[in-house]
1. Within segment 106-131, work out how many residues are closer than 19 Å to residue 89 by Cα and without any contact (Cβ under 8 Å) to a residue 24 or more places away in the chain.
2. I need the full set of residues from segment 125-152 which are within 15 Å of the chain's Cα centre (by Cα) and open to solvent by 40 Å² or more (accessible area, probe 1.4 Å), in order please.
3. Of all the strands (runs of 3 or more DSSP E) wholly in segment 103-188, which have at least 2 residues that are over 30 Å from residue 74 (Cα atoms) and of a type in the set (A, V, I, L, M)?
4. For segment 93-105, which positions are in contact (Cβ under 8 Å) with a residue 40 or more places away in the chain, open to solvent by 20 Å² or more (accessible area, probe 1.4 Å) and over 30 Å from residue 63 (Cα atoms)?
5. Here are some conditions: (1) modelled with pLDDT of 95 or more; (2) more than 21 Å from residue 120 (Cα to Cα); (3) of a type outside the set (Lys, Arg); (4) touching a strand residue (DSSP E or B) at 6+ places or on another chain (Cβ under 6 Å). Residue 55 meets all but one. Which one does it not meet?
6. Within segment 60-92, which residues are open to solvent by 30 Å² or more (accessible area, probe 1.4 Å), in a strand (DSSP E or B) and either in contact (Cβ under 8 Å) with a residue 24 or more places away in the chain or out of contact with any Pro (no Cβ under 7 Å at 6 or more places or on another chain) (or both)?
Amino acid sequence: MISKAVSFAGLALLVLTACGAAPDRYVVPDPTVTERQRIAFRAVEIREVSLPAYAASDEIPQQDTDGRLSSDGGTLWADTPERAVALELARHLARLSGARVASAPWPFESFPDARLDLRFESLVAEAEGRFRATGQYFVAVPDGRRERWGLFDLTVPFDPAGGPQAIATARGQIILDLAAFVAANGLR
């Protein structure tokens, strides 16, 4: 009798789960890299990308005019944000500089000339139609050359009426802008 009750409960849960709609997932479009930036290193490892908890979540948040962050739970990033941002930065830095750039763990036998850490304070779509990224970058150089660090505070516009796809496009652009900023200010 208990076995039938457990089987029925499991079947009911399965049916209810199948009826629920799967969340929408959004891929961040790859913006076109049109500029070149010389850097002082032939090989750079993106060792760490640290995002605030809301930005590291799979849900796509948006900040209200009163500062409250919200998401509906039905719109998700297609990839985990920390992994995706690290890969996007590596791709953009490689295209901008022509250097060999990869996210950790370093996949090559020879060691990188520099290691880059990015610590985001914010990475958020604001209600006013700006996608904002603030934080710090750190460049560690193992051969004794000058190590570097700096602050970043970047914004790109987006149309809030465009929904999650507009937010995804803005995030793609701001990560490209961040790569160009770090290349010009931290990797030269």
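The values are calculated or read from the model by the stated rules, or taken from the named source; none is laboratory data. All figures in this text were calculated on a predicted structure; none of them were measured in a lab. Virtual Cβ from ideal backbone geometry, glycine too; neighbours counted across all protein chains shown. Accessible surface areas use protein heavy atoms only, side chains included; no ligands, DNA or RNA. Shrake-Rupley method; radii C 1.70, N 1.55, O 1.52, S 1.80 Å.
1. Residues flagged as closer than 19 Å to residue 89 by Cα and without any contact (Cβ under 8 Å) to a residue 24 or more places away in the chain within segment 106-131 amount to 1.
2. Hits for segment 125-152 are 132, 136.
3. Values: elements: 114-126, 130-140, 148-157.
By residue number, 114-126, 130-140.
4. We begin by selecting, within segment 93-105, every residue in contact (Cβ under 8 Å) with a residue 40 or more places away in the chain; these are 93, 95-104.
Next, only the ones that are open to solvent by 20 Å² or more (accessible area, probe 1.4 Å) stay: 95, 97-98, 100-101, 103-104.
Scanning segment 93-105 gives 95, 97, 98, 100, 101, 104.
5. That leaves (2) as the condition not met.
6. Going through segment 60-92, the residues open to solvent by 30 Å² or more (accessible area, probe 1.4 Å) turn out to be 62-73, 78-80, 82-83, 87, 91.
The next check asks that each one be in a strand (DSSP E or B); those that pass are 62-63, 69-70.
62, 63, 69 - these are the residues of segment 60-92 that are open to solvent by 30 Å² or more (accessible area, probe 1.4 Å), in a strand (DSSP E or B) and either in contact (Cβ under 8 Å) with a residue 24 or more places away in the chain or out of contact with any Pro (no Cβ under 7 Å at 6 or more places or on another chain) (or both).
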